[in-house]
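The values are calculated or read from the model by the stated rules, or taken from the named source; none is laboratory data. Model, not experiment: these values are computed from the prediction. Using ideal geometry, Cβ is built from the backbone for each residue, glycine included, and neighbour counts are taken over all protein chains shown.
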Ligand code: RRO
């Protein structure tokens with residue numbers, strides 16, 4: 001018996017299912033060897049790559065916050081050259097079915113441009129995710145690119161000039177209005193938007209009043225971020241027809257269903273993988289089960305059903 005079709009086609013790329021591992025939670029794929037059948041997921045996004053290697057922020061880098069988590073990893077990654085020399089060759093050899101996106105993060109527009117230009121000469125991945133929204137970067141006193149529509153548009157435009165591959169722009173949740181940054185990214189040539197990064201947060205040790213994270217503040221993820229992410233997808237959906245990738249607090253198939261109903265075409269699983277590295281597989285199973293119980297032939301019908309109900313445009 002054939003079950004509901006989970007396949008997703010967007011940006012000219014076919015995903016075997018719409019469940020993608022989020023940047024920062026799966027390294028460069030190799031880290032999951034022996035832990036998760038990577039070949040079963042729809043795709044993954046690498047840890048953000050910077051021009052120079054970065055050792056990251058002082059420990060502790062993770063703190064629990066109720067059912068959520070706050071991180072300040074500080075962009076730890078081996079840098080552009082090592083990614084070209086070591087990480088992409090492993091992906092080329094070992095990753096066959098998942099579609100891989102490389103996340104890039106610059107301190108300047110020029111760094112983003114250089115990262116995309118140099119990586120574009122390499123094989124092993126289908127597209128770029130531009131990290132415009134790291135909450136743990138000290139650039140401009142912590143304000144992410146995504147808080148500035150003009151700068152965001154410039155980053156996307158420079159990337160667009162340097163690659164024919166799909167370019168996703170990853171937005172921040174904490175902007176007063178998504179419309180200006182969405183418009184800027186779309187006009188500059190983004191193929192899709194990833195919605196959203198973690199939410200700036202602070203956890204203190206009650207007896208001392210000191211921050212629990214070595215770097216001070218960080219980014220909140222996990223279940224408390226889900227309604228924030230779902231609302232962000234819904235809002236962004238109202239101002240663009242671009243494909244959206246929903247992320248934030250996805251633990252179960254029904255969490256993914258919420259994002260798809262809000263207008264996302266793909267969902268990313270992030271923090272859930274820390275507690276259970278096989279979380280993404282549970283999400284895929286749960287999504288399949290929900291589609292079956294609703295009598296759907298294809299996961300895409302979830303978005304169409306919602307469009308009918310709300311009368312709002314769907315990309
Ligand atoms: O590395 C990090 O601290 C980090 C990044 Br680049 C990001 O985009 N989001 C996040 O929560 N942490």
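Residues that are within 16 Å of the ligand (Cβ to nearest atom), farther than 18 Å from residue 250 by Cβ, in a loop (DSSP other than H, G, I, E, B) and under 19 Å from the mean Cα position of the chain (by Cα) within region 13-60 comprise 27, 28, 46, 47, 48, 50, listed in sequence order. Candidates 21, 36: the one that is surrounded by fewer than 22 Cβ atoms within 10 Å (Cβ to Cβ) and either touching a strand residue (DSSP E or B) at 6+ places or on another chain (Cβ under 7 Å) or closer than 19 Å to residue 284 by Cβ (or both) is 36. Reported count of residues in region 121-171, each being outside any helix (DSSP H, G or I), in contact with a strand residue (DSSP E or B) (Cβ under 7 Å, 6 or more places away or on another chain) and more than 16 Å from the ligand (Cβ to nearest atom), is 8. Would you check which residues across region 61-75 are more than 13 Å from the ligand (Cβ to nearest atom) and either within 16 Å of the chain's Cα centre (by Cα) or part of a loop (DSSP other than H, G, I, E, B) (or both) and list them? Across region 61-75, the qualifying residues are 66, 67. For region 255-290, filtered to residues that are assigned to a loop (DSSP other than H, G, I, E, B) and touching a residue at least 40 places away in the same chain (Cβ under 8 Å), the residue that is nearest to residue 42 (Cα to Cα) is 265. Scanning region 211-244 for residues that are part of a strand (DSSP E or B), under 19 Å from residue 130 (Cα atoms) and away from the ligand (no atom under 14 Å from the Cβ) turns up just one, 244. Figure legend. Inter-residue proximity from region 62-85: first residues within 17 Å of residue 213 (Cα to Cα), second residues in a loop (DSSP other than H, G, I, E, B) and away from the ligand (no atom under 14 Å from the Cβ), beta-carbon distance below 6 Å, spacing 6+ or different chains. Indicated pairs: 63/212. Take the residues of region 186-210 that are away from the ligand (no atom under 16 Å from the Cβ) and touching a residue at least 24 places away in the same chain (Cβ under 8 Å): which is surrounded by the fewest Cβ atoms within 10 Å (Cβ to Cβ)? Looking at the filtered set, the residue picked out is 187.
A count restricted to region 76-113 and to residues that are surrounded by 21 or more Cβ atoms within 10 Å (Cβ to Cβ) and within 14 Å of the ligand (Cβ to nearest atom) stands at 8. Taking each residue of region 119-143 that is closer than 15 Å to residue 88 by Cβ and looking for partners that are buried (at least 19 other Cβ atoms within 10 Å of the Cβ) and modelled with pLDDT under 95 with beta-carbon atoms closer than 7 Å, six or more apart or interchain, yields 127/11.
Going by the structure shown, is residue 62 out of contact with any strand residue (DSSP E or B) (no Cβ under 8 Å at 6 or more places or on another chain) and over 25 Å from residue 121 (Cα atoms)? It is false that residue 62 is out of contact with any strand residue (DSSP E or B) (no Cβ under 8 Å at 6 or more places or on another chain) and over 25 Å from residue 121 (Cα atoms).
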